[in-house]
Amino acid sequence: MRLFTDDSSSIADPFLRRAWILARNGLGTTSPNPMVGCVLVQGTEIVGEGWHSHAGGPHAEVVALREAGSAAAGATVYVTLEPCAHHGRTPPCADALVEAGVARVYIGMPDPSHVASGGAERLRAAGVDVIFAEDPTPFAALNPGWLMLVREARPFITVKLALTLDARIAAAPGVRTRISGPEAHAVTMRLRAASDAVVVGARTAIADNPALTVRDPDGTPASHQPLRVVLTRQTDPAGCSFLGDVHGKTAVLMPAGCGIKAPEGTQAIAYDSAGGVTDAMRALAAEGIAHVLVEPGQTLFTALWDEGLLDELVLIHAGGVGGPGWTGSYTGSGGAAALELDTSMRALEAAVVGDDAITVWTRKTQE
């Protein structure tokens, strides 16, 4: 997720760019569906536009067609993702476009899912011109979580760490410490709002007792909240006060048969402990979670890294020096004996926010 720049800036066509911007209105609310935007044009005039707002609701093409009405006949359609060709919660969008009599459809990227793909072929078979964008990259960037669900049956995982200049996460072990300033805190709220779930390890949850909510600048909880999750292997997280509170859904992600009971009002999600954090993340995917934000301690961070699950890393560096606490952000399975530097991440963005510096890192293998 770009925090300081905009992927749409590389889209040359202004109507496809508009469709991309519309799609972003569904950020954090469409999973397990993708974000999609659609624009209908007659000549140079937009006659209808829409986006997919939530799973089970009308798709972007249908919203745009309703707004266009009879003006959809002969129109040119610009849509960020190939229109679906299957009956799910809603009828196929490709059929709706054909029935409306549109003349041509410009598509940002093909649909890689074996369930919903095929819309382009259906449109062409009905005599509609179909043109795919030369560069699908900015359109893929809209939906990293959905694409990860389709390709690997797990969520896209963003990790956020706040560190002192000497790479400490706290003044001392087990001590709750506010490291970053209010401007960086606002970035954390953006990351949470864009995620389907926020995950914290059980020991960190007990030590820090975080709320993990999305909050307005005045501290008021936002109307839409991600699922807040405590991940545990053996630690009973019952002492974590946000579990079962009034600010949204909560869950305990625990090994099957471990004997831990989720507090009242909290969902229990089981995973196979032999599969490690990978299986825990797949258990979240089975619940329709496409994008996870993890706010980890050392143990969980190391497990994510070692299992190749760290898709994106947001580092917040504050201008102070910590105490005798955690000495680094990653030790790795090799510990002190590891002699080869792992350089699997690349810098995507950097910015100064208030008194803090924020860098965004992504895997080198990702487009």
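The values are calculated or read from the model by the stated rules, or taken from the named source; none is laboratory data. From a predicted model like this one, the values you see are computed outputs, not experimental measurements. Don't worry about glycine lacking a Cβ; one is built from the backbone with ideal geometry, like all the others, and counts go over all protein chains shown. Quick note on the areas: whole protein, heavy atoms, side chains included, nothing else; ligands and nucleic acids left out. Shrake-Rupley method; radii C 1.70, N 1.55, O 1.52, S 1.80 Å.
Of all alpha-carbon pairs in the range 1-151, indicate the percentage at a distance above 24 angstrom. That tail contains 22 percent of the Cα-Cα pairs.
Share of pairwise Cα-Cα distances greater than 18 Å in the range 36-124 is 34 percent (whole percent). Among DSSP beta bridges lying fully in the chain, give the percent that are antiparallel, nearest 5. Looking only at bridges with both residues in the chain, the antiparallel portion is about 40 percent.
Residues whose amide H lies under 5 Å from that of Leu348, counting only those 5 or more places away or on a different chain, are Val360, Trp361, Thr362; hydrogens are built 1.01 Å from N in the peptide plane.
For a label point 7 angstrom out from the Cα of Ser273 toward its Cβ, which stretches of the range 239-263 have the backbone nitrogen within less than 17 Å? Under cut-off, by backbone N: 252-262. For the range 47-188, the solvent-accessible area of protein heavy atoms averages 43 Å² per residue (probe radius 1.4 Å; ligands and nucleic acids excluded). What a 1.4 Å probe finds exposed on the range 208-259 is 48% carbon and sulfur by accessible area, rounded to a whole percent. Annotation: peptides 250-258, 179-187, ranked by per-residue average of other Cβ atoms within 10 Å with the highest first, follow the order 250-258, 179-187. Scalar couplings 3J(HN,Hα) for the range 123-138, obtained by applying the Karplus form with A = 6.51, B = -1.76, C = 1.60 to θ = phi - 60°, are 5, 5, 4, 8, x, 8, 5, 10, 10, 8, 4, 5, 10, x, 4, x Hz; x denotes Gly and Pro.
Put simply, the amide H of Gly320, placed in the peptide plane, has neighbours under 5 Å in Leu165, leaving out anything fewer than 5 places away on its chain. Our coupling estimate for the range 231-242, obtained by passing each phi through the Karplus curve with A = 6.51, B = -1.76, C = 1.60 and θ = phi - 60°, is 9, 9, 10, 9, 6, 6, x, 4, x, 7, 6, 6 Hz, Gly and Pro reported as x. For the chain, the relative contact order comes to 16 percent (Cα pairs under 8 Å, sequence separation of at least 6). Dividing the summed -39500 (n - 2.57) terms of all DSSP H runs of n ≥ 4 by the residue count of the chain sets its mean residue ellipticity at 222 nm at -6500 deg cm²/dmol. Among 354-361, 189-196, the peptide with the highest mean count of other Cβ atoms within 10 Å heads the list, and the full ranking is 189-196, 354-361.
Note on Lys364: lysines with a C-alpha under 27 Å away, same-chain residues under 8 apart excluded, are Lys160.
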